[in-house]
Amino acid sequence: MMRQAGRYMAAYRKLAEKHPSFRERSETTDLIVEISLQPWEAFHPDGVIIFSDILTPLPAFGVPFDIEEVRGPVIHSPLHHEEDLKALHPIDLDKLQFVGESLKILRREVGEQAAVLGFVGAPWTIATYIVEGGTTRTYTKIKSMCHTAPHVLKALLSHLTVAIAEYIVFQVQSGAHCVQIFDSWGGQLPPHMWDSWSKPYIDKIVSTVRTKCPQTPLVLYINGNGGILERMKLTGVDVIGLDWTVDMEDGRKRLGNDIGIQGNVDPAVLFSPLSAVADEIKRYVMVVKSAGPRHHILNLGHGVLVGTPEEAVAHFFNVARSLKIDEKTVEHENNAPKTVVGR
């Protein structure tokens, strides 16, 4: 379930009171492991997601940042000009050892009972923070850069591509069974611009990881991806994450049966009565079966929302585990867990 550990869990909120800095919680091995295991201990999902952030690797290649309580991520020196590129350097994985150590520990802790899941941000999405200086609702600065300083933006995206590919390989070598690529803001681009400013860089990442970690499944998620599903498939990833605005049956028809699909229950459903949560999960499974029941990872279509009742999360997993799927229609490859739950 995407965003398994977070503010909806009482155990997490209690820990956050003792350690109020998000950077401390996400960059300290003991805390990363403890937080990552909180949902595992509470709900026993099929995937244990490392507690981290897509911006975590930024300082390791020359982009310092802070996370403020109200504003969220803040890049104090946004990149706008060619001169700004000089601050960038190859990723220093020694500065990310807390990620590697955490993955190793998580792998030992869960053994063969679940998959250990890593994740990264896609170049375009990471670049939006670096150019905009933090979060944005309009993306005007980076979209303008596509036209006013394309050579600068291409240089930034190319640098991020190399760094992120190395970071994925590092996560896999440290113990991640699977890695999800979040191009969270790729859906803010018109399809033809996504073709130019995001897809080629994801293509390169996938190609690089395939060479070094050929057995590692890669998942690609884009928020608001209904207009570019077919384009996403062409990146060569193993699984496409759908948000809840895409009809599952239509998504399967558009993507075909030779690729995995993840999703796409509306996170708001978890605020409903437990009976409605169960009905919605059963409805999704029936839709999946009618659309071709192969290669589907039951998940939300986005992260767990703040304030989500924990009992609803527990019910989601319990109902999912109670469903009986015809084993003849389910493929099991490489002795991997039957299902995996995303970030």
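The values are calculated or read from the model by the stated rules, or taken from the named source; none is laboratory data. Note that the coordinates shown come from a computational prediction; the quantities given were computed from them, not determined experimentally. All Cβ positions, even for glycine, are placed from backbone atoms using ideal geometry, and neighbour counts span all protein chains on display. Protein only, heavy atoms only, side chains kept; ligands, DNA and RNA dropped before computing areas. Shrake-Rupley method; radii C 1.70, N 1.55, O 1.52, S 1.80 Å.
The table that follows gives values for the structure above.
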item	result
Length gained when the stretch Glu230-Lys289 is fully extended (0.36 nm per residue, less Cα-Cα span)	19.1 nm
The chain - percent relative contact order, Cα under 8 Å, separation 6 or more	19 percent
Cleavage-rule hits, GluC sites (Glu not before Pro), region 68-175, DSSP coil, Cβ neighbours within 10 Å at most 13	Glu69, Glu112
Selected from Phe22, Ala291, Val313, residue furthest toward positive end of dipole (the chain; charges at beta carbon)	Ala291
DSSP-defined antiparallel bridges as percent of all bridges, the chain, nearest 5	15 percent
Fraction of accessible area attributable to carbon and sulfur, the chain (%, probe 1.4 Å)	52 percent
Calculated from backbone phi, Karplus (6.51, -1.76, 1.60) coupling profile of region 51-58 in Hz, x at Gly/Pro	7, 7, 8, 5, 8, 3, x, 3
Cα-based helix-to-principal-axis angle, 274-291 vs the chain, degrees rounded to 10	80 degrees
Relative contact order (percent, whole number), region 115-196, Cα cutoff 8 Å, 6+ residue spacing	53 percent
Long-range HN-HN contacts of His296 with modeled amide H, under 5 Å	Ile261
Angle between the chain longest axis and helix 199-212 axis [Cα atoms, degrees, rounded to 10]	70 degrees
Fully extended contour minus Cα-Cα distance, from His192 to Lys282, at 0.36 nm per residue	28.7 nm
Prolate/oblate/rounded label for region 1-147 (Cα gyration tensor, a/c 1.5)	prolate
Shape call, region 238-321: gyration tensor on alpha carbons, a/c limit 1.5	prolate
Fraction of alpha-carbon pairs over 13 Å apart in region 62-104 - percent	67 percent
Amide H partners (placed H, <5 Å) of Gly47, local residues excluded	Ala115, Val341
All lysines inside 28 Å of Lys143 as judged from Cα atoms, apart from same-chain residues fewer than 8 positions distant	Lys86, Lys154, Lys199, Lys204, Lys233
Mean Cα-pair separation over length for region 1-144, i.e. relative contact order, pairs under 8 Å, 6 or more apart, %	26 percent
Per residue, in Å², the accessible surface of the chain once ligands and nucleic acids are set aside, probe 1.4 Å	44 Å²
Under the Karplus curve 6.51 cos²θ - 1.76 cosθ + 1.60, θ = phi - 60°, whole-Hz ³J(HN,Hα) for region 299-304, x wherever Gly or Pro sits	7, 6, x, 6, x, 4
Cleavage-rule hits, trypsin sites (Lys or Arg not before Pro), region 12-105, DSSP coil, Cβ neighbours within 10 Å at most 16	Arg71
Contour minus Cα-Cα distance for Leu274 and Lys141 (0.36 nm per residue)	43.5 nm
In sequence order, calculated HN-Hα J values of region 306-321 (Karplus, 6.51, -1.76, 1.60; Hz; x Gly/Pro)	4, x, 4, x, 4, 5, 6, 4, 4, 5, 3, 5, 5, 5, 4, 5
Over 11 Å [Cα-Cα, region 109-152], rounded percent	72 percent
For peptides 312-323, 235-246, 46-57, sequence by mean Cβ density within 10 Å, most packed first	46-57, 235-246, 312-323
Three-way shape call for region 261-305 based on the alpha-carbon gyration tensor, with the a/c threshold at 1.5	oblate
In Å, descending, principal axis extents of the Cα set of region 122-264	41, 36, 22
